[in-house]
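See below for the structure under consideration.
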Amino acid sequence: MINIPHQETSPQIGYFLKYQHWENAFDLLEYQLSLKTANKHFNMLSMFYYEQLNQSDKKRLRRKLYFDNKIANNLFYGLEKEFAILFYPIPKSNLGLRKYSFFTYPMRVTYYAVGLYLLQLSQEIVQQHYSNNDRIHSDYGGQLVFDSKTNKLKLTDNSVWYKPHYRRFRNRVRKETSGSVQDKIVIHIDIQNYFEEISIPILLDFLTEYVRPSIRQELRFDLISKRQIAALFDFIANGKSGIPQMDNDIISSFIGYLYLIFGDMLLDEELNKDSKFIKDYFIIRYMDDIYISLDFFSKFTKVDKEIHVRALTARIADCLYYKLGLRLNAKTKIFRLYNSAEKDELLKNLKKISPGHEMADDDSKGNPNHKIDLIFNRLEKLKNSISNPAFEEWGELDEEILKEVYDTSVNQLLKRKENYEKIHKIFKGFNFDLVIAQAKEILVIMLIDPLASKQFENFLLKKKTLTSRDIYLILNYLCQTDFKSIKLIKLLRRNPIMQPIMDIYSEGKISTLPGYFHLTNRQISKLTKMTNVIEQIRLRIKCERQEEYSVALNHLLNEIHAICINLDDGSVNKKDYRATDAINFLTSLKVPHETRQKIRNLFDRRNKNPVSHADPIAWLVVRDEYLDYHNHVGICLRHIV
């Protein structure tokens, strides 16, 4: 007999997540969409998909009934299309790749809702982090805050628009390079694969330690909540650590920022130990981009300072690794500001704008016409080059030149007749493979010329086998042209990675089928109160995604067994409900003989599964065998639910 958890003790995300979090998550995502028309920063794949969805479908999802029936009870784990998570690659420099996530609308709102719960839980810590220590300055490209009286999320452009926060960060670092610098050294901390290395269990443990007990009690933040939150992130990351990276994802930005708030505290504690050497210091951070400015006492020699900084950097590396599980990479650098060459290198390094933070440099001076001359000069240089920018980094100054296209005055001047003619000339005979060097900026310029734009589209359409860089170019072009090219969308659909994503985009609606074993919403509604069944679904899905089929088979059996127990109104005591009782119940509902036999065999196979029985003749469950049982459970459910 199988041990099925009691209905009332089965853990659910609704234990801590409330309907108000769900409403606030909707408001946040829809607010981001409202900014898309006037702000190209929001012209991204996910946003185009969310924007075209039917408003009546969104209203249906916003209702409390939907939240109660699919979110609060964890049923969403088993609804594979409605709550889909898909991945695609985004190129980095030197042929590196970044794993990007594509969430369906309901999945994005679910993720936002849990993220907003963490925001509410940590809000006091975050606010104290700003006010209690003037040596720490940290930002994340947003400023999400709950109204303390209404518990409603405050939404303004400043809440979700990165630019003022990113500008403040860069200007704060620049400030450290001005004035007297003969005793200053700056450490630039670069963390390896930051988003992928964030540990949600570590974050939750820090929150347990730092959040006041009264707040934890009010928001029901305890061991049950921590397990549910960790389970969701485990589901999203497919059993790995880290948090998702997505288009315009303010929630992942916040969580990434929150994780390193505890890093700021650890670094501050470490730096305080060096008060005999360091007169003053500042920790300046934007997400995982960390600058530590050290002002030494003048009595120490340059050699003394350098020896101390190298020892300090090693201590910092240990601290971040052992306390937060983060590793520094080779890009971590030390800048001696009393060395003019290193000071200039720091300022150039600061100009190297992170992906997704496109804007003209704040310190850019000069006539817009001069900036345009520099842009054209850079494009001509690129056009005449024989190098492939996929294999090398551009110089920081060169990269900054094309960022000037985001300056309003520059952008307007580019559209004048004389400059239009120059753009036309540059892109005539241009090697479009080189657009990857700075795809967004080059496309902003290229699209001023309709002929060049059409030629670029034809260039993309001739691609037969798409690389990750080709996909990136196509997505950027589609986002800049409002996804008008049906041919390019079809081309993406021929790529095995992009095909399921583009199918969802092209469908243009919130799909529910295939959901849980292809059952209809009406059939699924019968499961909404079966919390013991839903927990088995969650555990099974987790194992399937990680290809642990022996464990998944046990949960599959628990699942169908528990459903039979819940639906069978016969005289058998629920605690004594065995395999024969389940088969008798299926027979009474005229489940096909072959499927009944498969379910009977499933009970027997569980007993020969090494996961559940230490039988010397037990053997592991392989994928094809598991899928066969899975198929017959689906047939069975369509007859009995």
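Charges only on Cβ, +1 for Lys and Arg, -1 for Asp and Glu: so what's the dipole of the chain about the Cα centre, in debye to the nearest 20? List each step's numbers first, then the result.
Working: 94 positive and 80 negative charges, 250 e Å.
Using only the charged Cβ atoms, the result is roughly 1200 debye.
When ranked by the protection proxy of mean other Cβ atoms within 10 Å per residue, highest first, what sequence do the peptides 333-340, 303-310 form? Please report the intermediate quantities before stating the final value.
Numbers: 333-340: 16.9, 303-310: 14.8.
In descending order of packing, they fall as 333-340, 303-310.
To the nearest 20 Debye, how big is the dipole of the range 531-582 about its Cα centre, given +1 on the beta carbon of each Lys and Arg and -1 on that of each Asp and Glu? Provide the component values of the computation, followed by the final result.
Numbers: 7 positive and 9 negative charges, 29 e Å.
That gives the range 531-582 a dipole magnitude of about 140 debye.
Lys and Arg at +1, Asp and Glu at -1: add these up for the other residues within a Cβ distance under 14 Å of Gln143 and post the number.
Its environment carries a net charge of +1.
Just name one of Phe16, Leu33, Ile90: the one whose Cα is farthest towards the positive end of the charge dipole of the range 4-134 (beta-carbon charges, Lys/Arg +1, Asp/Glu -1).
Ile90
Cα-Cα over 32 Å: which of Lys36/Lys417; Lys58/Lys323; Lys509/Lys598? Write down the numbers at each step before the final one.
Details: Lys36/Lys417 28 Å; Lys58/Lys323 41 Å; Lys509/Lys598 36 Å.
Correct reply: Lys58/Lys323; Lys509/Lys598.
Hey, can you find the accessible area per residue of the range 195-318 for me, probe 1.4 Å, expressed in square angstrom? Don't jump to the answer; show the numbers that get you there.
Numbers: 4990 Å² over 124 residues.
Solvent-accessible surface per residue comes out at 40 Å².
Find the accessible area per residue for the range 504-615; the probe is 1.4 Å, ligands and nucleic acids are left out, and the unit is Å².
Working: 5220 Å² over 112 residues.
Accessible surface, normalised per residue, equals 47 Å².
Each residue of the range 110-119 in turn: what ³J(HN,Hα) in whole Hz from Karplus with 6.51, -1.76, 1.60 and θ = phi - 60°, glycine and Pro shown as x?
Computed from phi, the couplings for the range 110-119 are 4, 5, 4, 4, 5, x, 5, 4, 5, 4 Hz.
For Lys351, go through the lysines and keep the ones whose alpha-carbon is under 18 Å away, minus same-chain ones fewer than eight residues off.
Filter leaves Lys92, Lys163, Lys175, Lys331, Lys333, Lys343, Lys365, Lys371, Lys403, Lys440.
For the chain, what is the mean residue ellipticity at 222 nm derived from helices alone (per DSSP H run of n ≥ 4: -39500 (n - 2.57); sum divided by total residues; nearest 500 deg cm²/dmol)?
Value at 222 nm, helices only: -16500 deg cm²/dmol.
What full-extension length gain, to one decimal in nm, is calculated for Lys574 and Asp628 as 0.36 nm per residue of separation minus the Cα-Cα distance? Please report the intermediate quantities before stating the final value.
Values: separation 54, 0.36 × 54 = 19.44 nm, distance 2.80 nm.
My answer for the length gained is 16.6 nm.
What's the magnitude of the charge dipole for the range 545-637 around its Cα centre, counting Lys and Arg as +1 and Asp and Glu as -1 at the beta-carbon? Answer in Debye, nearest 20.
On the way: 12 positive and 13 negative charges, 29 e Å.
Roughly 140 debye, rounded to the nearest 20.
Measure off 7 Å from each Cα along the Cα-to-Cβ vector at Arg98 and Thr528, then give the distance between these two points in nanometres to one decimal.
About 3.9 nm separates the two model spin labels.
Distances longer than 31 Å among the Cα atoms of the chain: what percent of all pairs is that? Let's see the in-between values first.
Values: 122417 of 205120 pairs.
Distances greater than 31 Å cover 60 percent of the Cα pairs.
Compare the Cα positions of Phe206, Ile189, Ile635 along the charge dipole of the chain (+1 at Cβ of Lys, Arg; -1 at Cβ of Asp, Glu; about the Cα centre) and return the one farthest towards the positive end.
Checked the options; the winner is Ile635.
Give me the net charge for the shell around Arg310: Cβ to Cβ below 15 angstrom, other residues only, Lys and Arg +1, Asp and Glu -1. Walk me through the numbers before you get to the answer.
Working: positive: Lys302, Lys305, Arg315, Lys333, Arg336; negative: Glu270, Asp274, Asp304, Glu306, Asp318, Glu342.
Around Arg310, the charge tally is -1.
Hey, what angle do you get for helix 368-383 against the long axis of the chain, alpha-carbon based, 0 to 90 degrees rounded to 10?
Tilt of helix 368-383: around 70 degrees.
Starting from 0 in steps of 10 Å, tell me what percent of the Cα-Cα pairs of the range 600-641 lands in each bin.
27, 48, 21, 4
Using only Cα atoms and rounding to the nearest 10 degrees, what angle (0 to 90) does helix 163-176 make with the longest principal axis of the chain?
50
For a protection proxy built on the mean count of beta-carbon atoms within 10 angstrom, sort 69-76, 517-524 highest first, please. If you can, show how the numbers build up before the last one.
Details: 69-76: 22.9, 517-524: 15.5.
Per-residue mean Cβ counts within 10 Å order the peptides as 69-76, 517-524.
What angle do you read, to the nearest 10 degrees and between 0 and 90, between the alpha-carbon axis of helix 579-588 and the longest principal axis of the chain?
Its long axis makes an angle of about 80 degrees.
Probe radius 1.4 Å, ligands and nucleic acids ignored: give me the carbon and sulfur share of the accessible area of the chain as a rounded percent.
50
Please compute the per residue accessible area over the range 4-121 with all protein chains in place, 1.4 Å probe, rounded to a whole number of Å².
Values: 4150 Å² over 118 residues.
Heavy-atom SASA per residue in the range 4-121 reads 35 Å².
Tell me, what ³J(HN,Hα) does each residue in the range 37-54 have, in order and in whole Hz, if you take phi through Karplus 6.51 cos²θ - 1.76 cosθ + 1.60 with θ = phi - 60° and put x for Gly and Pro?
Per-residue couplings from phi come out as 4, 9, 10, 5, 4, 9, 7, 10, 3, 4, 5, 5, 5, 4, 5, 7, 5, 5 Hz.
Students often get this wrong, so check it: of Lys40/Lys152; Lys152/Lys226; Lys279/Lys305; Lys383/Lys425, which have C-alpha atoms separated by over 18 Å?
Values: Lys40/Lys152 27 Å; Lys152/Lys226 23 Å; Lys279/Lys305 12 Å; Lys383/Lys425 11 Å.
Correct reply: Lys40/Lys152; Lys152/Lys226.
Can I get the semi-axes of the range 218-340's equivalent ellipsoid? Compute them from the C-alpha gyration tensor as square roots of 5 times the eigenvalues, in angstrom, largest first. Please report the intermediate quantities before stating the final value.
Values: eigenvalues 251, 50, 33 Å².
Equivalent ellipsoid of the range 218-340: 35, 16, 13 Å, largest first.
I need the calculated FRET efficiency for the pair Lys276 and Gln182, taking r as the beta carbon distance and R₀ as 30 Å, to the nearest 0.05.
On the way: r = 19 Å, r/R0 = 0.64.
For Lys276 and Gln182, the calculated efficiency is 0.95.
Between Phe169, Ile445, Gln120, whose Cα lies farthest towards the positive end of the dipole of the chain when Lys and Arg beta carbons carry +1 and Asp and Glu beta carbons carry -1, centred on the Cα centre?
The Cα lying farthest towards the positive end belongs to Ile445.
Can you list the HN-Hα couplings for the range 80-90, worked out from phi with the Karplus curve (6.51, -1.76, 1.60; θ = phi - 60°), rounded to whole Hz and with x for Gly and Pro?
Values per residue, Gly and Pro as x: 5, 8, 5, 10, 7, 10, 10, 10, 8, x, 10 Hz.
For Lys463, which lysines qualify as cross-link partners when the Cα separation must be under 19 Å and same-chain residues fewer than eight apart are set aside?
Excluding near neighbours in sequence, the set is Lys454, Lys484, Lys487, Lys490.
The values are calculated or read from the model by the stated rules, or taken from the named source; none is laboratory data. Keep in mind the model is a prediction, meaning the values are calculated, not measured. In this analysis, Cβ positions are derived from the backbone assuming ideal geometry, glycine residues included, and neighbour counts consider all displayed protein chains. The protein model used for the area step is the full one, side chains on, heavy atoms only, and it has no ligands, DNA or RNA in it. Shrake-Rupley method; radii C 1.70, N 1.55, O 1.52, S 1.80 Å.
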